[in-house]
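Reviewing the structure listed below.
The values are calculated or read from the model by the stated rules, or taken from the named source; none is laboratory data. Fair warning: this is a prediction, and the values are worked out from it, not measured in the lab. Here the Cβ positions follow ideal geometry from the backbone for every residue, glycine too, while neighbour counts run over all protein chains shown. Areas reflect the complete protein model, heavy atoms only, side chains present, ligands, DNA and RNA absent. Shrake-Rupley method; radii C 1.70, N 1.55, O 1.52, S 1.80 Å.
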Amino acid sequence: MIGSEVAVYFAERGWRVHGVDNNQRAVFFGPQGDTRENQRRLAMQLGNSFRHVELDIRDRQGVRQLLGAVKPDAIVHAAAQPSHDRAAAIPFDDFETNAVGTLNLLEAARGVCPESPFVYMSTNKVYGDRPNNLPLIELKTRWEYADPHDAMGIAEDFPVDQSKHSLFGASKLAADVMVQEYGRYFGMPTCCLRGGCLTGPHHAGVELHGFLSYLVRCNVEGREYRVIGYQGKQVRDNIHAFDVARFMDAFVAAPRTGEVYNLGGGRANSCSILEAFALVERHSLKPQVHTYVKEPRVGDHICYISNLLKMRDHFPSWDITVSLEETIKQLVQAAQSRAMPHVL
Ligand SMILES: NC(=O)c1ccc[n+]([C@@H]2O[C@H](COP(=O)([O-])OP(=O)(O)OC[C@H]3O[C@@H](n4cnc5c(N)ncnc54)[C@H](O)[C@@H]3O)[C@@H](O)[C@H]2O)c1
């Protein structure tokens, strides 16, 4: 999802994009996670500005050869096993993709193009379940931080260890620290973007990953959405992939070394699952069918809002431009057009 959005964003601004993907998402999540449609769309939409590269980032030699041939001016690394829950069933695939795959890319970049900005899509799961230790209050439709000092959300100096991460959070944290290290130790222009919920109309949302996209899909197709724990009042902040790409662009234009940013939608783009139901229903005009599972997901955040102050401070020209309302509108339209053949 992010990779394809970034490809479009940069290609439309004059870059030639080499998009690496081996459709591993379909292996991780089955046919619902298939990314080939996105790949075809990119080829049609971007023409000569885009080249698809069928490569597994676990293939160290292949990664080295690709970077040696292309010598990229910038690298955006958004390939991953991205699911919290899936990782426990496939620990080696998870770690080898997320941690070792990232090391393969970093080491190849150090050998070939150490001056090129290297942007890594990390995750807020690097903080483990520690955000759940913050005092919270239960409101009618959401959990909320009880202490006004926490109101702006989680900042980048929040502790990352001695908490439960899930194997996914641990493999992403390993990669995150490595990306920082290639900045601090080798002086490379690297950064980690610790994403909240990133989404956009091309998200192939599945139950295990891509909450808003999946929720919208369930609504539009009249399928049951399982609310898992915390009364459906757990809060996520949502950022549109376009604003993710805009931040990457700002970093590539004025890179820093070994940086970390909490890249989310911030308070204005936050919602609980119950609030998301209401928003989606308003746009789709269909009631959300749902059931409730009492046991929460292991390590699930009860209330997570990204503090955007550091990003705004380092890159004053960047800010959120796509509201939650607009994002949901786009997700509903995309889900409706995907569902149309079944309706007809
Ligand atoms: N979407 C979110 O809400 C979210 C939140 C926080 C962080 N992130 C991070 O952002 C990045 C992108 O997430 P996304 O939502 O676009 O996920 P995605 O699953 O849509 O995209 C990941 C892509 O990587 C590819 N891939 C997986 N393993 C690969 C391998 N070994 N070699 C080559 N390609 C491989 C997949 O086929 C897929 O196309 C990930 O690092 C993820 O952890 C995403």
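A few notes on this one:
Matching residues to (1) buried (at least 23 other Cβ atoms within 10 Å of the Cβ); (2) under 19 Å from the mean Cα position of the chain (by Cα); (3) without any contact (Cβ under 8 Å) to a residue 24 or more places away in the chain; (4) over 20 Å from K164 (Cα atoms):
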position: V76; (1), (2), (3), (4): yes, yes, no, yes
position: D85; (1), (2), (3), (4): no, yes, no, no
position: P91; (1), (2), (3), (4): no, no, no, no
position: F95; (1), (2), (3), (4): no, yes, no, no
position: N98; (1), (2), (3), (4): yes, yes, no, no
position: V119; (1), (2), (3), (4): yes, yes, no, yes
position: E138; (1), (2), (3), (4): no, no, no, yes
position: T141; (1), (2), (3), (4): no, no, no, yes
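- P189, sole failed condition from (1) open to solvent by 30 Å² or more (accessible area, probe 1.4 Å); (2) touching a residue at least 12 places away in the same chain (Cβ under 8 Å): (1)
- Any hit, the stretch 42-56, residues being within 11 Å of the ligand (Cβ to nearest atom), small (G, A, S) and crowded, with 16+ Cβ neighbours inside 10 Å: no
- If you go through the stretch 121-136 and keep only what is surrounded by fewer than 20 Cβ atoms within 10 Å (Cβ to Cβ) and closer than 16 Å to D176 by Cβ, you end up with just R130.
- Enumerated strands (runs of 3 or more DSSP E) restricted to the stretch 1-117, each holding at least 1 residues that are of a type in the set (D, E, K, R): 50-53
- Extreme residue, farthest from the ligand (Cβ to nearest atom), among residues of the stretch 85-112 that are more than 16 Å from V70 (Cα to Cα) and among the charged types (D, E, K, R): D85
- Residue among Y292, Y304 that is open to solvent by less than 10 Å² (accessible area, probe 1.4 Å), closer than 20 Å to Y225 by Cβ and of a type outside the set (D, E): Y304
- Look at the stretch 1-12: where a residue is of a type in the set (S, T, Y) and a partner is within 8 Å of the ligand (Cβ to nearest atom), sitting 6+ places away or on another chain with Cβ atoms under 6 Å, you get S4/N38.
- Residue count for the stretch 263-275 satisfying the condition of being open to solvent by less than 10 Å² (accessible area, probe 1.4 Å) and under 13 Å from D319 (Cα atoms): 5.
- Contact map, the stretch 254-278: first residue of a type in the set (F, W, Y), second residue in a helix (DSSP H, G or I) and open to solvent by less than 50 Å² (accessible area, probe 1.4 Å), Cβ cut-off under 8 Å, separation 6 or more or different chains; pairs are Y261/F247; Y261/M311; Y261/H314; F277/L215; F277/N219; F277/G232.
- Checking G30, G62 one by one, the residue that is within 10 Å of the ligand (Cβ to nearest atom), more than 18 Å from the chain's Cα centre (by Cα) and of a type in the set (G, A, S) is G62 and no other.
- R223 satisfies every condition listed in (1) under 27 Å from L42 (Cβ atoms); (2) surrounded by fewer than 20 Cβ atoms within 10 Å (Cβ to Cβ); (3) among the charged types (D, E, K, R); (4) out of contact with any strand residue (DSSP E or B) (no Cβ under 8 Å at 6 or more places or on another chain) except (1).
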